[in-house]
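No value in this document is a laboratory result; all are computed from the given coordinates. Keep in mind that this is a model prediction, so the values were computed, not measured. Here the Cβ positions follow ideal geometry from the backbone for every residue, glycine too, while neighbour counts run over all protein chains shown.
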Amino acid sequence: MATVAQTLQSSGPAASLEDQTLLIFARLMEGGQEDEETCRDLDELTKLLNDDAGAQQKNKDHKSICELIDSDCVDTILCYLDMRQPEVVRGHATLTTSAYLRAANEQGSKKLSDFFFERVKRGTYDDYIVAFCVAAAIFPIVPDLSAELFLNEGFLVSLGPLMRRKWKSRKVETACLEMLNASCMNSACREAIQKYCVEWLEEVVDQDLDGEVLSMNADPNVHSEGGSINMRKHSEQVQHLAAVILAKLRVVPSNPSANDPNQPRVEAAVTSIEDLSGMFTKMIMRDEDHGRQHSIEGLAYASLRPKVKESIVSNPELLKKLVTTLKDAPPRSPMTYGALSIFLNLTRYRPSLTEEEKKMSQLKAYADAAGKLAPPDALDDDEHVAKRCKAVFDAGLTPVLVTHSKNGSPASLSIIVSIIHSFAMTQALRAPLAQRGALNLLLAAWTTLPETEATGRRMAAQAIARILISTNPMLVFGGNRSNSAIATIRPLAFILPPDPAADRRDLLPTFEALMALTNLASMEDEDVPRSIISIAWGQIEEQMLSSNDRVSQAAVELVCNLMQAPEGIALYADGNPQAKNRIHILLALADAEDAGTRSAAGGALASLTGYESVAKLVLQREGGIKVILGMCTDEDEGLRHRGVVTLYNMVAGDVEVCQLAREKVKEADGIEALKQSLKLSRRPEVLQLTVETLKALLGQE
């Protein structure tokens, strides 16, 4: 007799969508296929369901293929999520399940709910395994629906007796704990687990195998074969999975009930987070893959606690093992994400707060703790984090991060950027970071991260800035210096304006970007300053007028460096109205209260006033000569030098502008100012140039 699949296949190549759907389900129901064939069928079904969902959105009258998918068909799809199926098949079945729930909407949710409760109601080990595996798989796909199933009255209460059965089913226990582990992403589910499951989770983690063996030996009706003992104890994998769940509950405690004011805010824990991290550490240190993924996940949660962070970095062997684990982990895998999360926790700095924000934080803490203020953990201050960053860096993490960044997801790439960003906080690590390829990693991350990942992109750009502030760009960029240096300009320009999405205005990235651009502009390559002007000039000009003295000074210092390029000079010397306004701004900044800003503006004027058009603009500015003479008599000898150079540029020559400049300088008591400069100065070059300027003013050769 022909099978259903054979009958449908005889309908010809131009089969309808309905026939295609039924044919795929016929093959999936019959089974007996190779894994590749099963995955191919699941992929075809996923495509049909995705297309169907899209058609429903475009046309409300579209007849959905989901009408063909009855409970048996849903049962077929969901059973491929069973942990006893090959991993590759489960992965493809997860995508198919997601596509079905999207296309079937409420009908699909109802069929999924019916499947779950029917299997749990049957109560056989086989049914429990399938139901729990399905629940674990769908939690990330439909968290609200999953939580509804999970929190159904009486369900969680029934898990305790199941896990405490005298004869253990490893697969049932594993599937149950995988479900609990996945459900911890939901706060209501975490609270329910805390209420109904913590006691037996503690029992699983703390099982006393020796005591179990002794009790069995004392019972004449129980044989002491290894198989019997093994059937009465929890497996090590189950223990570690239970420990991961406890770690999540410890790190993210449940909220106290609003209806029970007497309930303690933090419940006493039988197994502390430090005990759990010790268990995870022992498992990771073993040279075996079994159970390592759960231990990595558990340690990722435990390492949110400062004490655990310190215990990890104080164990060099563990650090090296974690680096090796990340190195060997496949891209985009749970193992990769877990290991990256551990390093992220170890290296993350606390966000810096203004004094006002610190006071507000204290007030909130007082209100929340009913007057008991819990100060920030001292183990998480900047000094401790810097030491942890150094330990992690010394363990050889950077090259591994560079490798993983090439094939990682946007989420893992953002974590990698955050870790490098923390490394770059320490000045001593910046040059080694550049040597190990971090700069190229950051450039690639800034380019490839989507615009929605604005935080990751800004962190990448800021880390680039920090590295370039502390390193010689001529050495960093190697032989192809110009192109490589130019590639960093756009990320730096990206963080010149403060983050528009931030709650408060943070000018540190702006300052660091300006400092990095200043360093780049000092390169002996005209293409670099030309590119800086082309890409970032508008933002640079804006930052020159910043209300923050350090930012303003950094911007003017950058402008001073850019005046070594023809394109920079043209901005001030081409005689147009904008040039006039720019010269007026430089003169105002040369008279600013901040000494650093005055010095930077004076340096720019000293470079520009050798051009006749600039000298004319200075003379046209009311009080312009007075500003320059003020530079000549400043307390700082470096600024006096800049002032004398500027004045000499304007008065030494035979052109008309020089004659006019000499007249205006004399009218402003410039000769007396230069004499005062002679009395104040000690450096030979300043003294000599001041004398030359006096001679030019007095008409002496």
| request: Holding the Cα-Cα limit at 23 Å, pick out from K171/K233; K166/K248; K580/K675; K626/K695; K110/K166; K58/K111 the pairs that are longer than that. | output: K166/K248; K580/K675; K110/K166; K58/K111
| task | Among N181, A395, P529, flag the residue with its Cα farthest along the positive direction of the charge dipole of the chain, charges on Cβ as +1 for Lys/Arg and -1 for Asp/Glu. | result | P529
| task | Please report the base-10 log of the normalised intensity I(q)/I(0) for the chain, using a Debye sum with one equal scatterer per alpha carbon and no solvent, at each q in 0.05 (1/Å). | result | -0.41
| said: At R0 = 51 Å, how high is the FRET efficiency between A668 and M285 if r is their beta carbon distance? Nearest 0.05 is fine. | reply: 0.05
| field | At most 11 other Cβ within 10 Å, DSSP loop - GluC sites (Glu not before Pro), region 583-664 | value | E593, E622, E635
| note | Under Stokes-Einstein, region 391-470 at 25 °C and 0.890 mPa s, with its Kirkwood radius over C-alpha pairs, diffuses with a coefficient in µm²/s of 202 µm²/s
| query | How far is helix 595-608 tilted off the main Cα axis of the chain, in degrees rounded to 10, range 0 to 90? | reply | 60 degrees
| query | So what's Rg/Rh here for region 572-701, counting alpha carbon atoms and using the Kirkwood radius for Rh? | reply | 0.94
| Unit charges on C-beta of K, R, D, E only; dipole of the chain, Debye | 1280 debye
| note | Residue-ordered couplings for region 642-654, obtained by feeding phi - 60° into the Karplus form 6.51 cos²θ - 1.76 cosθ + 1.60 and rounding to whole Hz (Gly and Pro as x), are 4, x, 5, 4, 4, 5, 4, 4, 7, 9, 8, x, 9
| Cα convex hull of region 581-644, projected area averaged across orientations, nm² | 3.7 nm²
| said: Averaging the inverse of every distinct alpha carbon separation and then flipping it gives the Kirkwood radius. What is it for region 1-150, in angstrom units? | reply: 15.9 Å
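Can you tell me the convex hull volume per residue for region 614-660, based on C-alpha atoms, in Å³ to the nearest whole number?
60 Å³
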| field | Low-density loop positions, trypsin sites (Lys or Arg not before Pro), region 44-135 - DSSP coil, at most 16 other Cβ in 10 Å | value | K60, K63, R84
| query | If you take the charge dipole of the chain about its Cα centre, with +1 on Lys and Arg Cβ and -1 on Asp and Glu Cβ, which of M459, S552, L443 is farthest toward its positive end? | reply | S552
| field | Relative contact order (percent, whole number), region 1-150, Cα cutoff 8 Å, 6+ residue spacing | value | 21 percent
